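Written below as structure tokens is the structure these notes are about.
The values are calculated or read from the model by the stated rules, or taken from the named source; none is laboratory data. Quick caveat, the model's predicted, so the values are computed rather than measured. Cβ sites come from the backbone with ideal geometry, for glycine too, and all protein chains shown count toward neighbours. These area figures cover heavy atoms from the full protein model, side chains too; ligands, DNA and RNA do not enter into them. Shrake-Rupley method; radii C 1.70, N 1.55, O 1.52, S 1.80 Å.
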Amino acid sequence: MIGIVYYGAGNIFSLTAALDRLGLSYGMIKSAEDFEKYDRYIIPGVGHAGSAMQKLKDSGLVSSIIKLRKPVLGICVGMQLLTKHSEEGNSLLTDIIPLKTKLFSELLKVKVPHTGWNKVMQNNGTPLFNDIPLGSHFYFVHSYFIEFNSNFTIALAEYGIKFSAVIQKDNFYGVQFHPEKSGLAGEQLLKNFAHLA
């Protein structure tokens, strides 16, 4: 059963609608005690990373999240919260995965935010991508990206620059795209997460 970390910084309707379509059970985590009820967790998030981090701190859930040993999936800003620092508001984040979240540079000559479908290239053998064809497209909406790092990047995309589409450290995973808005490939990724060992 999936616990969705509910801290006031994510529009969770599309996520819960996708989980309902897939028949995946879920509930809301609003206190540290709630983590015990679930065997995996999703951290959603939209908007400003610094504001989202402040809301997460205000929720009192940060220390519990850092100590989790069961599978965790951060989505969009929820993924960025797993990193060390964001240029958005010059914000310190959880530092679970020691990467930086950066703004797409004007020098790249690309439209910001990066909005729409983009190809994602995953590493072979990544269980999060079981039964998802190589080079599948996923739906993105973001102005900030997580730097590419071969130690933690398990799937990449390109938008003027190569960036981390999916990161992983131990039981923590993050996806920059929105799987709940990414059609069959996104639904398969959510199913794969729900069945991670």
If amide H atoms are modeled at 1.01 Å from N in the peptide plane, then the residues at a separation of 5 or more from Trp117, or on another chain, having amide H under 5 Å from its own are Phe140
What does the charge count around Thr16 come to, taking other residues whose C-beta lies under 14 Å from its C-beta (Lys +1, Arg +1, Asp -1, Glu -1)? -1
With n ≥ 4 as the cut-off for DSSP H runs, can you work out [θ] at 222 nm for the chain, using -39500 (n - 2.57) per run divided by the number of residues, rounded to the nearest 500? -6000 deg cm²/dmol
For Ala197 and Asp131 in the same chain, what is the full-extension length gain: residue separation times 0.36 nm, less their Cα-Cα distance, in nm? 22.1 nm
To the nearest 0.05, the calculated FRET efficiency linking Trp117 and Glu147 through their beta-carbon distance, R0 being 25 Å, is 0.65
Output the antiparallel fraction of DSSP beta bridges having both residues in region 1-106, as a percent to the nearest 5. 15 percent
Under the Karplus relation 6.51 cos²θ - 1.76 cosθ + 1.60, θ = phi - 60°, what is the ordered set of whole-Hz ³J(HN,Hα) values for region 79-87, x standing for Gly and Pro? 5, 4, 4, 6, 7, 7, 7, 10, 5
Å² of accessible area per residue within region 44-164, as computed with a 1.4 Å probe and no ligands counted: 48 Å²
Region 93-132 scanned against label point 7 Å out from Lys169 along Cα→C-beta; backbone N under 18 Å for 93-102
Could you pull out the trypsin sites (Lys or Arg not before Pro) across region 36-140 that fall in loop regions by DSSP (anything but H, G, I, E, B) with no more than 13 other Cβ atoms inside 10 Å? Lys67, Arg69, Lys109, Lys111
Under the rule of at least 5 residues apart or a separate chain, name every residue whose amide H is placed under 5 Å from the amide H of Gly74. Ile43, Tyr173, Gly174, Val175
Could you tell me the relative contact order of region 1-84? Use alpha-carbon pairs under 8 Å, at least six residues apart, and round to a whole percent. 35 percent
Considering only protein heavy atoms and a probe of 1.4 Å, how much of the accessible area of the chain is carbon and sulfur, as a whole percent? 51 percent
Among Ile2, Ser31, Val46 the positive-end extreme of the charge dipole of region 1-51 (Cβ point charges): Val46
Of the listed values (1) 15.3, 47; (2) 19.6, 67; (3) 19.1, 52, grab the one calculated as Rg and Dmax of the Cα atoms in Å from the structure here. (1)
Taking the Cα centre of region 64-137 as origin, work out the dipole magnitude from +1 charges on Lys and Arg Cβ and -1 charges on Asp and Glu Cβ, in debye rounded to 20. 120 debye
